[in-house]
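The values are calculated or read from the model by the stated rules, or taken from the named source; none is laboratory data. Everything numeric in this text was worked out from a predicted model, so none of it was measured. Quick reminder, even Gly has a Cβ in these numbers, built from the backbone with ideal geometry, and neighbours come from all protein chains shown. Just the protein is used for accessible areas: all its heavy atoms, side chains included, with ligands, DNA and RNA removed. Shrake-Rupley method; radii C 1.70, N 1.55, O 1.52, S 1.80 Å.
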Amino acid sequence: MIRQRVAECADQWFPGTGARPHVRLRRLVDRPRAVLYAVHVGDRTARPQVLAKVRRGWSDAVRDVGARPRLTPSLLPASEQTALEFTGLAAVQAMFGNGNPEFGAVRPLDHLADHDAVLMEYVSAPTLRDVLVGASRFSPRIGRRARGDEETWRRAGAWLRVFQQQMPAAGLPVRQATRDDVVDRFEAFGGFLTDRLGRRAAGEAVRSGARLAADVLPARLPLAVGHGDYAPRNVFLLEDDRLVVFDPLTRWRVPRVEDLCRFLVALRMQGLQLHTHGAAYSAEDLDRRERAVIDGYRGDGALPAEELRCHQLLITLDKWAALVDSPSRSIPGKVRSASLRAASGYLRRETERLVRLVGSEPG
C-alpha cells in the first residue's frame with residue numbers, strides 16, 4: 001500500500017518525478033510500537049524522499065506490566081495516534097513551513113488511515129540526540145568541532161514557546177490542571193518507586209515531591225497544548241542550523257512547563273549518561289545546555305523556577321517508574337538488576353538535585 005500510494009502521488013509531491021515511478025522501501029527501525037521505512041522514489045537520488053511510519057497497537061505486555069502509575073490516564077489505539085500525528089505535522093508546517101529563519105517543518109504527505117500509517121517528507125539530518133551522543137566523553141568524535149552549541153539548545157526552547165503560543169487549543173481535554181492533580185501523581189509515583197526499590201534505593205527526594213508540589217504550585221496551573229513527546233530524539237538539526245521537530249501527538253492541554261521538562265529530563269537521562277551512571281557528560285556541560293533551553297523557552301517572559309523544577313521532578317519520577325517497570329525478556333535477571341541499580345543511583349541523585357533547586361533559584 002505504501003509503494004502504491006507513493007507511486008500514485010510522487011509527481012504531485014516531487015514535481016518532475018514522472019508518472020508512477022519505481023518505488024522501493026527500506027526498513028529503518030522496527031520498534032515495539034512503530035516501524036519506520038525510508039521510501040526511495042525513482043532513480044533520481046540515492047537519498048530517500050519519503051519516510052513512512054506505521055504504528056502498532058499496544059502489546060499485552062506493555063498494557064499489563066506492573067500497572068505502574070502514569071501521567072496519561074489511557075493508552076491511545078494506533079489509529080488515533082496516527083491521526084493525531086498527521087494533524088500535528090500539518091499544524092507545525094503551517095507555523096514554520098514558510099521560510100522561518102530559525103525553524104523548519106516536516107512536510108506531511110498522506111495519512112493512510114486504514115493502515116495506521118503516516119507518510120512525510122524524509123529529513124536527512126542528525127537529531128539533537130545524535131548531536132548529544134557525539135559530544136559525550138566516550139565519542140570518537142570528541143575534540144572535533146561539534147555542532148549543537150548553546151544557540152542550538154536555546155533555539156530548542158524557543159521552538160516550544162512559539163509552538164505553545166500558536167497551537168490551537170479549542171476542544172482539547174485537560175490533564176493535571178490543578179495542584180491537587182499533580183500532588184496525586186507525586187504520591188502515586190513515590191509510593192510505586194519506594195515499594196519496588198525500597199526506601200533507601202528510592203531516596204527521600206522521591207517521597208518529598210508531593211509536599212513540594214503542595215507548597216510551591218498555584219491552585220490552578222497555567223496550561224498549553226502538549227507536543228506529547230518533546231525530546232532531543234525528535235528534533236532535527238539541519239545544515240543551516242534551523243531546527244525541525246516531528247512526532248507531535250497534540251492530544252491534551254497540560255501544565256505549560258510539562259513539555260519543557262520532558263525535554264530537560266530526556267537531556268539528562270540520555271541513555272549513555274544513564275547507563276554509565278552519569279559518566280558520559282559532566283554536570284557543567286549538562287547545566288550549560290539546560291540553561292540555554294530554559295532561556296530560549298523563557299524569552300522575555302517570566303518562568304517561575306519552583307514550578308519548573310517541581311514538574312521536572314515529576315517527569316523524572318515518571319521516567320524512572322517506566323524504567324523500573326519495563327519488560328525485558330531478553331536481559332538475564334541478574335544483569336538487569338545490576339543495570340537497574342546503577343541507573344537508579346544516578347536517578348536518585350538527579351531527584352536530590354531537583355529538590356535542592358526548588359527555592360534556591362531566582363524566578
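Report the Cα centroid-to-centroid distance between the stretch 220-237 and the stretch 82-141 in angstrom, as an integer.
13 Å
Which value in nm describes the separation of the simple spin-label points at Arg20 and Ser339, placed 7 Å from the Cα toward the beta carbon?
Roughly 4.8 nm, to one decimal.
Beyond 24 Å, how much of the Cα-Cα pair distribution for the chain remains, as a whole percent?
On the way: 40094 of 65703 pairs.
Across the chain, Cα pairs with separations above 24 Å total 61 percent.
Report the label-to-label distance for Arg356 and Asn100 in nanometres (one decimal), using points 7 Å from each Cα along the Cα→Cβ vector.
Taking the two extended label points, one gets 3.7 nm.
Dipole magnitude of the chain about its Cα centre, charges +1 at Lys/Arg Cβ and -1 at Asp/Glu Cβ only, in debye to the nearest 20? Show your work: numbers first, answer last.
Working: 56 positive and 44 negative charges, 238 e Å.
That gives the chain a dipole magnitude of about 1140 debye.
In terms of the Cα gyration tensor, with a ≥ b ≥ c the square roots of its eigenvalues, is the stretch 64-115 rounded because a/c is under 1.5, prolate because a/b exceeds b/c, or oblate?
Numbers: a/c = 4.26, a/b = 1.85, b/c = 2.31.
It comes out oblate by the Cα gyration axes.
Suppose each label sits 7 Å from its Cα in the direction of the beta carbon; what would the Arg199-Arg233 distance come out to in nanometres?
Placing both labels 7 Å beyond Cα along the Cβ direction yields 3.6 nm.
Would you grab the residues whose amide H sits under 5 Å from the one on Ala224? Only those 5+ places off in sequence or on another chain, please, with H modelled 1.01 Å from N.
Val254, Arg256
How much length would be gained if the chain were fully extended between Glu187 and Ala305, taking 0.36 nm per residue of separation minus their Cα-Cα distance, in nm to one decimal? Don't jump to the answer; show the numbers that get you there.
Values: separation 118, 0.36 × 118 = 42.48 nm, distance 2.16 nm.
Once the chain is fully extended between Glu187 and Ala305, it gains 40.3 nm.
Place the peptides 221-229, 297-305 in order of packing, highest mean first, counting for every residue the other Cβ atoms within 10 Å and averaging per peptide.
Details: 221-229: 20.9, 297-305: 13.4.
By packing density, highest mean first, the sequence is 221-229, 297-305.
Can you work out the accessible area per residue across the chain, with the rest of the protein chains kept in place, probe 1.4 Å, in square angstrom?
Values: 16890 Å² over 363 residues.
Value for the chain: 47 Å² per residue.
Tell me, in nm to one decimal, what length is gained between Ser124 and Asp11 on full extension, where the rule is 0.36 nm per residue of separation less the Cα-Cα distance? If you can, show how the numbers build up before the last one.
On the way: separation 113, 0.36 × 113 = 40.68 nm, distance 2.04 nm.
Here the segment from Ser124 to Asp11 would lengthen by 38.6 nm.
For the stretch 204-229, list residues with backbone N below 12 Å from a point placed 7 Å from the Cα of Ala322 toward its Cβ?
228-229
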